[in-house]
Amino acid sequence: LLAVPLADLWAPLRELFERPEVLKLGFRFKQDLVYLSATFTAALGGDSGFNRVEPFLDVTNVYHYLKGHDMQKRLPKETKSLASICEELLNVSLSKCSDWSCRPLSEGQIQYAASDAYYLLYIFDLFHQKVSIEEKCSPTAEASDEHCSQRASECSSSGNDICFDGYSTSIITKYSDRILLTESDTKARSSRRKEKQKLSSDAKCKEKFDYNTEWMGPPPWDPSVGGDGYPKFLCDVMIEGLAKHLRCVGLDAATPSCRKPQPRELLDQIYKEGRILLTRDAKLIKYQYLATNQVYRVKSLLKHDQLAEVIDTFQLKISEDRLMSRCTKCNGSFIQKPLTLEEAIEASKGFQVIPSCLFNRNMEFWKCTDCNQLYWEGTQYHNAVQKFMSVCNISE
């Protein structure tokens, strides 16, 4: 596909995105569409972007439907990741933990990228089956019982798990949506901010911003101010990904207990637990009750750059034996004694699936003392260790 010129891809892609009889299935696809449109516009110029995808079905909505939520009502604000949805609905584990900026992509990354789309079809299959069972042959359906039986027989004889007939088209019409990009969606965020700023207040805001973002120690964990010597951070919702990276290198990194915490709630948590608040929210930096040694504004955009920035700013020493020593899911610590395979299988019942490929291996399992998540030293573990050794400049 990389060998095909963008100019040759534009027309087929645009037709596919807008073709009414082709259902587009995705997961939070709007931002991907923004990036895709920007790529084509930058390369081809003019009106060569994409601003509409229709019909479109978001897997997030499918998930809520499968869990019994009425799709005609407002969906919950808190949404799960695709990995969490796949694990819950399909018992499939997906891991995106790798450096996607490096080229060429590794075999594992290519496999992940393919499975990312592949499992969407399985989720849609579950959705289609549930809708068909609940609605296709219901008393309120337009088709008669005789027609339902006839269509079921045709589908069965065709050997197809999903038989897309006229009723399936009505399902798509009922449950699908569309993505429309406005002019503001396609503008760079920095351009949008500049349009909103007033020249008269720009200098004053910049002066205050620069002052408040400079790190002024010592940190609350410093023994000189009564701390215990162990670095502790609180990452707000804007940089939750950084929290997982910090945990991967053995650092205590908590996240807010609710999705949209108030500044006062963040303050209470960092005071109570002796943490430093990490954020990218410039407004939060200016909150009057925050001292300069209690908050730090992370400047980098990419997670591994953010990790390197925090390590450098706070002069943290990361050793190889601390890598992957905390639970990346909840920030908890691990039990002192590892579990055997039999113990791990027993501990995971009704909670976590142990891959069958591990059954013939002599492996140890580590259990989080807080959330009971199980970990083992597989391929993903070793890849992550190598990645973080590179980011933290740890020599082998």
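Within the shell defined by Cβ-Cβ distances under 13 Å, the residues around Ser348 carry a net charge of -2, with Lys and Arg each +1 and Asp and Glu each -1. Count Lys and Arg as plus one, Asp and Glu as minus one, and take only other residues whose Cβ is under 15 Å from that of Glu54; the net charge is then +2.
What is the local net charge at Cys248, summed over the other residues whose Cβ is closer than 9 Å to its Cβ (Lys, Arg +1; Asp, Glu -1)?
Here the count lands on +4.
Remark: the stretch 355-364, residue by residue, has Karplus-estimated 3J(HN,Hα) of x, 5, 5, 8, 5, 9, 10, 8, 10, 9 Hz, where x stands for each Gly or Pro and the curve is 6.51 cos²θ - 1.76 cosθ + 1.60 at θ = phi - 60°. Residues in the stretch 24-30 carry Karplus couplings, in order, of 9, 10, x, 10, 6, 7, 4 Hz; the curve used is 6.51 cos²θ - 1.76 cosθ + 1.60 with θ = phi - 60°, and Gly or Pro positions show x.
Less than 5 angstrom separates the built amide H of Val295 from those of Leu277, all sequence-distant by 5 or more or on a different chain.
What is the dipole size for the stretch 320-396, taken about its Cα centre, with +1 at each Lys and Arg Cβ and -1 at each Asp and Glu Cβ, in debye to the nearest 20? Dipole size: approximately 220 debye. For a quick check: with amide H placed at 1.01 Å from N, whose amide H comes under 5 Å from Ala253's, ignoring anything fewer than 5 positions away on the same chain? Residues meeting the criterion, in which the H sits 1.01 Å from N, are Phe233. What is the diffusion coefficient of the stretch 253-332 in µm²/s, taking the Kirkwood radius over Cα pairs and the Stokes-Einstein relation at 20 °C with a viscosity of 1.002 mPa s? Stokes-Einstein gives a translational diffusion coefficient of 151 µm²/s.
The numbers here are math on the coordinates, done by the rules we state, and not lab data. Note that the structure is a prediction, hence the values are computed from the model and not measured. Reconstructed Cβ throughout: ideal geometry from the backbone, glycine too, with neighbour counts over all protein chains shown.
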